Amino acid sequence: MNGKGVVRGLGVVIKHFLDTYIVDLQARLSGKKRYYTAEGIAERSSSKASGIFTVQYPEEKLPMPEEFRYIPFLVDDEGPEGEKDMRCTSCGICAKVCPPQCIWIVRTTDPVTGRPVPAPAEFNIDVDICMNCGLCAEFCPFDAIKMDHDYEIASYNRHRDNIFDINRLSKPASYYAKIRPTNYAREEAARQAEKEAKAAKKAGAAAAN
Ligand code: SF4
Ligand code: SF4
């Protein structure tokens, strides 16, 4: 009979409604913190969660998986004196491969010789057009552009705020290491191995002479 199904469905709804109070109460009595803690978010995100399991955004945020990607950012190394050392050489590969063509770069020019300098004078990304594909980061030969985890970029003025310039895009390598520790460690190991191979080759050539 159809009426039975309706009653059973209502029973499920009422049980879930009551659970939202009961589970919170049980947690409070047992001293557990269900909200605003990493453990609380993990518990409410598990498949066994009952009661309220929604994330209380913006007070709470889900931890992003390492491969989550949003808007790209430029990676800055730190020089020996702690100065900013941009990895980007303004080669333009990222701008060429970007499917919606939302990156534009102006290369630095030496004021004396007029020759191009391998560093960007300007680097802009229209973040409203970026489709978060990550191709720019995949193709960059210098590990200079990476995909960010920061998704809180809403603004009221697209033309003023949503064209990210070089200052807005630049972040230190330590930030990259923090949000993508596995990728960072793998890339650093590869860079170190390349450095050692070059040094060994140089030493070998010097010994042969
Ligand atoms: S971010 Fe990478 S690919 Fe893009 S211009 Fe700079 S060095 Fe070249
Ligand atoms: S993530 Fe994709 S769309 Fe966005 S700037 Fe990079 S290549 Fe372009």
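Every number in this text was worked out from the coordinates using simple rules, so none of it is lab data. Everything numeric here is computed off the predicted structure, so don't read it as measured data. Reconstructed Cβ throughout: ideal geometry from the backbone, glycine too, with neighbour counts over all protein chains shown.
Descriptive notes on the structure:
- Here the Gaussian network model covers the chain, with springs between Cα atoms less than 10 Å apart; of S47, S174, S155, S47 fluctuates the most.
- Between the range 75-145 and the range 172-209, the C-alpha centres lie 21 angstrom from each other.
- A protection proxy built from the mean count of other Cβ atoms within 10 Å ranks the segments 124-134, 189-199, most packed first, as 124-134, 189-199.
- Cβ crowding within 10 Å averaged over residues, with 90-101, 106-117 ranked highest first: 90-101, 106-117
- Degrees, to the nearest 10: 2-29 long Cα axis against longest axis of the chain: 70
- Cross-link reach is defined here as a Cα-Cα straight distance under 15 Å, omitting same-chain residues fewer than 8 places apart; for K61 the aspartates and glutamates meeting it are E39, E43, D150, E152.
- For K15, a cut-off of 18 angstrom between C-alpha atoms picks up these lysines, skipping any fewer than 8 places away in its own chain: K4, K48.
- For the range 53-209, relative contact order (Cα pairs under 8 Å, six or more residues apart, normalised by length) works out to 27 percent.
- Proximal aspartates and glutamates relative to K202, as straight alpha-carbon distance under 15 Å, when same-chain residues fewer than 8 apart are discounted: E194
- Gyration tensor (alpha-carbon) shape descriptor, the range 1-101, a/c threshold 1.5: oblate
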